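J.: Next up is a structure, given as structure tokens.
The values are calculated or read from the model by the stated rules, or taken from the named source; none is laboratory data. Model, not experiment: these values are computed from the prediction. We place every Cβ from the backbone using ideal geometry, glycine too, and count neighbours over all the protein chains shown.
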Amino acid sequence: MKPIALLQSILFSALALGLGSSAQAKSIEFTASLATPVLKAGKAQTAFLKVALTGFTLSAQGERPPANVAIVIDKSGSMSGERIERAKEAAIMAVNGLNANDIVAIIAFDNTIEVVTPATKVTDKALISQAIRNIRVAGGTGLFAGVSKGAFEVRKFFDKNRVNRVILLSDGQANIGPSSPAELGQLGSMLAREGISVTTIGLGADYNEDLMTQLAANSDGNHAFVENSRDLPRIFQREFGDVGSVVAQEVEIIIRLKRGMRPLRILGREGEIMDGVVRLRMNQLYSQQEKYVMLEVEVPAGKAGENADLAAVEVSYINMQSKSREKLARAVSVSYSESAEAVVKATDKKVMVSAVQQVSNEVNKQALSLRDSGRVEEAKKVMQENSDYLAERAISLGSAAAPAPALKAMADETRSQAGRIDSSDKEVQNVLRKKMKEDQYKVEKQQK
């Protein structure tokens, strides 16, 4: 081979190797599993199908996607004193954790909206921090307008390869402009369709937790209840940790059930069920975190030894590392046996733990509804029975010596909340309700 041809060959090989290594981007882990892959023959029954997605590991800081966030701070009169100072401290800490390729906007609201810092790259942290320090409190709570303005700033630099998010902090009831949970939920849904999520942080015992959780849920954002303003820096640190660990966005899940299989309900998440096809969407998936869909289905009777296709599952998402849309597919089947022992032995305990969590969470939500309607003793009984059920399942899916940790923790917390749900202290009741809503939200959305 001539020297020039040899050199060209070496360069081409090196280039091909380089392209190959960059193309080998990590992919998310995707499983589709039945809690009971073996069912008792001869009768129709229900089963739980779990579609789980786990984000890949980010091995270096440079791998994280750039952020495009708007921090929206309530500066109404009730935020005066330590609350606003802690909020400003937390926002400044968050800004200092961003880098020059990130974009941030700072919005403050009361009766009016103040664009403290319009959307800008984080190249002058001192200037942004000083603008935050200059925020002063006054007036009412125009929450809808504050979030809308935050979204407006995010749109200026919206990019599917960035994490586009509004982070709302408020300690009060929305009392200016649209103010119902339904109206704020509609705003959240609209932003989700645009690819913008909203994290809501409720401070103290006076904010509207129904409004805040619905806004977050409909946009697939996070929610936190912060009883003490001293905890705000920690909450902001956790939130921006999530922002920096997004590995997938615009996650779409399609579950196509085979003939005879009937979808009953989606647990935890909102989705569409039509003609045996279930469609769901998640805005983001985080590094090393599992998020899942739990679907309860009715499976027709089968003969012993028979295998049947249950569903075909498709997942597509934008990989934030490769910056491309990826598609994955899995098939799910079920088999039948006359042996009750074979059915129990085949149980997927990890999937069953998730199913028990979601079913019990629905029961706790019903208890909260009973409490809100004044049926307090009934609510207490429901929660106590639910705690007993969780404790029993913790042992059956673990052991007496080592109960399943997630179920044991949920059982303990449910029993603790049941013991306080009939308190005559209004402050205790107010705080308890917020904690229950936060806990229920975290189980539904598998929030860290």
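J.: Checking Glu444 against (1) surrounded by fewer than 18 Cβ atoms within 10 Å (Cβ to Cβ); (2) in a helix (DSSP H, G or I); (3) under 22 Å from the mean Cα position of the chain (by Cα): exactly one of these is not met. Which one?
T.: (1)
J.: Cβ-Cβ below 6 Å, separation at least six or inter-chain, first residue in segment 252-278 and in the same structural domain as Glu314 (by TED's automatic domain parsing), second acidic (Asp, Glu) and part of a strand (DSSP E or B): which pairs?
T.: Note: pairs meeting the criteria are Ile254/Glu314; Lys258/Asp309; Arg262/Glu298; Leu264/Glu296; Leu264/Glu298; Arg265/Glu296.
J.: Please find, among Ala342, Ala367, Ala355, the residue that is over 23 Å from Gly268 (Cα atoms), among the small types (Gly, Ala, Ser) and in a helix (DSSP H, G or I).
T.: Ala342
J.: Evaluate segment 162-174: report whether one residue or more is basic (Lys, Arg) and assigned to a strand (DSSP E or B). Working first, answer last.
T.: The first filter runs over segment 162-174 and keeps only residues basic (Lys, Arg), leaving 162, 165.
Keeping just the survivors that are assigned to a strand (DSSP E or B) gives 165.
Scanning segment 162-174 turns up at least one residue that is basic (Lys, Arg) and assigned to a strand (DSSP E or B).
J.: Scan segment 379-412 residue by residue and report those that are surrounded by fewer than 17 Cβ atoms within 10 Å (Cβ to Cβ) and under 18 Å from Gln446 (Cβ atoms).
T.: Pro405, Ala409
J.: I need every pair where a residue in segment 99-110 that is part of a loop (DSSP other than H, G, I, E, B) has its Cβ under 6 Å from the Cβ of a residue that is crowded, with 24+ Cβ neighbours inside 10 Å, sequence separation at least 6 or different chains.
T.: Close Cβ pairs (under 6 Å, with a partner that is crowded, with 24+ Cβ neighbours inside 10 Å) amount to Asp110/Lys75; Asp110/Ser76.
J.: I need the full set of residues from segment 245-275 which are acidic (Asp, Glu) and either part of a strand (DSSP E or B) or more than 19 Å from the chain's Cα centre (by Cα) (or both), in order please.
T.: Glu250, Glu252, Glu272, Asp275, listed by residue number.
J.: Evaluate the following for Glu252: is it out of contact with any Phe, Trp or Tyr (no Cβ under 8 Å at 6 or more places or on another chain), among the charged types (D, E, K, R) and modelled with pLDDT of 95 or more?
T.: no
J.: Let me ask you something else. Being among the hydroxyl-bearing types (Ser, Thr, Tyr) and either over 17 Å from Arg259 (Cβ atoms) or crowded, with 18+ Cβ neighbours inside 10 Å (or both) is true for just one of Ser337, Ser333. Which residue is that?
T.: Numbers: Ser333 fails: either over 17 Å from Arg259 (Cβ atoms) or crowded, with 18+ Cβ neighbours inside 10 Å (or both).
The unique qualifying residue is Ser337.
J.: Output the residues belonging to segment 132-143 that are buried (at least 21 other Cβ atoms within 10 Å of the Cβ), farther than 16 Å from Phe236 by Cβ and without any contact (Cβ under 8 Å) to a residue 60 or more places away in the chain. Quick ask: steps written out before the conclusion?
T.: Step one: list which residues in segment 132-143 are buried (at least 21 other Cβ atoms within 10 Å of the Cβ), which gives 132, 141-143.
Cutting the leftovers down to farther than 16 Å from Phe236 by Cβ gives us 141-143.
Within segment 132-143, Gly142 is the sole residue that qualifies.
J.: I would also like to ask the following. When Arg193 is evaluated against the numbered criteria (1) of a type in the set (Lys, Arg); (2) under 30 Å from Arg230 (Cβ atoms); (3) not in a loop (DSSP other than H, G, I, E, B), which criterion, by number, is the only one it fails?
T.: All conditions are met except number (2).
J.: Something else now. Taking segment 276-325, which residues are in a strand (DSSP E or B), among the small types (Gly, Ala, Ser) and touching a strand residue (DSSP E or B) at 6+ places or on another chain (Cβ under 6 Å)? It would help to see each step written out before you state the result.
T.: Quick first cut of segment 276-325, residues in a strand (DSSP E or B) only: 277-287, 290-299, 307-319, 324-325.
When the remaining residues are screened for being among the small types (Gly, Ala, Ser), the result is 287, 308, 311-312, 316, 324.
Residues satisfying the conditions are Ser287, Ala308, Ala311, Ala312, Ser316.
J.: Touching a Leu at 6+ places or on another chain (Cβ under 7 Å), in contact (Cβ under 8 Å) with a residue 60 or more places away in the chain and not acidic (Asp, Glu): does that describe Ala90?
T.: Against the criterion (touching a Leu at 6+ places or on another chain (Cβ under 7 Å), in contact (Cβ under 8 Å) with a residue 60 or more places away in the chain and not acidic (Asp, Glu)), Ala90 qualifies.
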